[in-house]
Amino acid sequence: MLWLVLLASVPAWSSRTIEVVGTGVTRDRAVEDAKRTAVEQVVGVYLTSQSQVKNFVLHDDTIISETAGFIKSYQVISCTRANGLETCRLAAEVEGDENKIATLLRRLLGKKTFSVQVKEYVDGQPLKDQSLSQSLETKLIGQGYYTVRDSFEPFYRISGSAEAKKARSKYQPSIKVVYLSNLRIALFDRSGVELKLYTTSEVGRCIGSGNTLDEAGMDLFRCLAPDVGRQFVRRISDKI
């Protein structure tokens, strides 16, 4: 079980000290649990969701052996025992050099990193919620990939645009309906080589509906995401 005691925004720094708490059946396990929590704060700068951060820290067997790359030093402040569990509080000095953090993460994550930047429009206006981008990220995470911020220099990059236009509903005039007017999304590798281009011509007739144009656009783009994601994952698998 993990508790995140101190969470701060992360500018460029050489190092900083944070307090974290961990639990375990023994003191050593409680200390390791707290160290994982400290690593969460460091890697969370680059991964796009907290669930990915926890998955990475909890399930990657190399993390504990690699904590020296994220944690420069630590000191046990206190440990207490209750209900058969040890709870330890640590003061951990964590790495603040973003280049060093990114280099270590690239080595640990290898070819499993993505960034997704798809601009979405309805009738020429940008959508408030980028539902296609979010759905693509969810699809990729479900396939075991990590979606990262573009500043991380991911191994793969998905970028492009999706546009929808307003249509008329014959049967329910109060419902907003949109159709896909233009789609151009490409998959690139780290060197900038285009591996796959997905365009409007590859999509069947798609419509979305909702109480507002934004809702209709989100409905449309969410429907597109599974097939776009499958195409890109398949292309990467072929390349690997």
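Would you confirm whether any residue within segment 87-100 is under 20 Å from residue 48 (Cβ atoms), assigned by TED's automatic domain parsing to the domain that holds residue 17 and of a type in the set (Ser, Thr, Tyr)? Scanning segment 87-100, I find no residue that is under 20 Å from residue 48 (Cβ atoms), assigned by TED's automatic domain parsing to the domain that holds residue 17 and of a type in the set (Ser, Thr, Tyr), so the answer is no.
Can you find a residue that is more than 27 Å from the chain's Cα centre (by Cα), more than 22 Å from residue 117 (Cα to Cα) and free of Cβ contacts under 8 Å to residues at least 40 places away in the same chain anywhere in segment 180-202? Let's see the steps before the verdict.
Kept after step one, since they are more than 27 Å from the chain's Cα centre (by Cα), are these residues of segment 180-202: 181, 201.
Subsequent filtering for residues that are more than 22 Å from residue 117 (Cα to Cα) retains none.
No, that holds for no residue.
The set of residues in segment 94-139 being at pLDDT 85 or above, assigned to a helix (DSSP H, G or I) and in contact with a Phe, Trp or Tyr (Cβ under 6 Å, 6 or more places away or on another chain) consists of 132 alone.
Looking only at segment 167-201, which residues are within 17 Å of residue 219 (Cβ to Cβ), of a type in the set (D, E, K, R) and out of contact with any strand residue (DSSP E or B) (no Cβ under 6 Å at 6 or more places or on another chain)?
First pass over segment 167-201, keeping only residues within 17 Å of residue 219 (Cβ to Cβ): 167-169, 171-172, 174-181, 183.
From what is left, the residues that are of a type in the set (D, E, K, R) are 168, 176.
Result: 168, single match.
Here is a yes/no grid of residues against (1) at pLDDT 85 or above; (2) within 18 Å of residue 134 (Cβ to Cβ); (3) not assigned by TED's automatic domain parsing to the domain that holds residue 156:
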{"site": "197", "(1), (2), (3)": "yes, no, no"}
{"site": "200", "(1), (2), (3)": "yes, no, no"}
{"site": "203", "(1), (2), (3)": "no, no, no"}
{"site": "210", "(1), (2), (3)": "yes, yes, no"}
{"site": "216", "(1), (2), (3)": "yes, yes, no"}
{"site": "221", "(1), (2), (3)": "yes, yes, no"}
{"site": "235", "(1), (2), (3)": "no, no, no"}
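Residue pairs whose Cβ atoms lie under 6 Å apart, separated by 6 or more positions or on different chains, with the first residue in segment 135-157 and buried (at least 23 other Cβ atoms within 10 Å of the Cβ) and the second among the small types (Gly, Ala, Ser) and part of a helix (DSSP H, G or I), are 136/225; 136/229.
Selection of segment 143-202 for residues being among the acidic types (Asp, Glu), assigned to a strand (DSSP E or B) and within 28 Å of residue 55 (Cα to Cα) yields only 189.
The values are calculated or read from the model by the stated rules, or taken from the named source; none is laboratory data. All of these numbers come straight from a predicted model, not from anything done at the bench. In this analysis, Cβ positions are derived from the backbone assuming ideal geometry, glycine residues included, and neighbour counts consider all displayed protein chains.
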